[in-house]
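Reading through the structure tokens given below for one structure.
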Amino acid sequence: MERPTDTYKETHNLVVAPRDTYVGGLVSNLQIAELIACVAKNRSAAYCKVVEVVAETTAPLLPTEDLLAKVPSDPGRAPPPPPPAPAAPVTGTEAVKESLLHQQQRHQRHQLQSRKQQSGHSRPTRVSESTELTSIAFETGSHEL
């Protein structure tokens, strides 16, 4: 069989089916890329779906969203997660607080690394965020911009 090129989609339309439906078939890389782009845009339409994709000359030309909608989700999987809430705008005071927190964390990491190197342990360590640092950052966040 000849490998399909990008012009393959001009004569062959996609068929999306549940897993283990087809034994063989061809599809172009461009058609797969378009399917992946559709999945990235419409994550809820592709949630918990395992599909097989082939291209056939007899298949009708349908939007990719419709093709994905026809395939059922895997049983036993959780329902799709709710859409993410819109992010709240960051105010100047919050930006200052966040900046101070990051500066304090960097300073603390640097101090720990210096102590380790002085004591003979040269491996850098990682410092996780602590509630102590968080409270310091929020208490000192009263600077005016």
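The numbers here are math on the coordinates, done by the rules we state, and not lab data. Because the structure is predicted, anything quoted here is derived from the model rather than measured. Neighbour counts run over all protein chains shown; Cβ positions are idealised from the backbone, glycine included.
Would you list, by chain and number, the lysines whose Cα falls below 30 Å from the Cα of K41, excluding same-chain residues fewer than 8 positions away?
K9, K49, K70
Give a quick list of GluC sites (Glu not before Pro) in region 1-53 that DSSP marks as loop, anything other than H, G, I, E or B, with at most 12 other Cβ atoms within 10 Å.
E2
Grab the beta carbon distance between E10 and A33, set R0 = 22 Å, and tell me the FRET efficiency rounded to 0.05.
After rounding to 0.05, the efficiency reads 0.90.
Between T21 and K116, with labels modelled 7 Å along Cα→Cβ, what's the label distance in nm to one decimal, could you check?
So the two model labels end up 5.2 nm from each other.
Taking the Cβ-Cβ separation of L61 and A87 as r and a Förster radius of 30 Å, what is the calculated FRET efficiency to the nearest 0.05?
Working: r = 38 Å, r/R0 = 1.26.
Given R0 = 30 Å and the Cβ-Cβ separation, E is 0.20.
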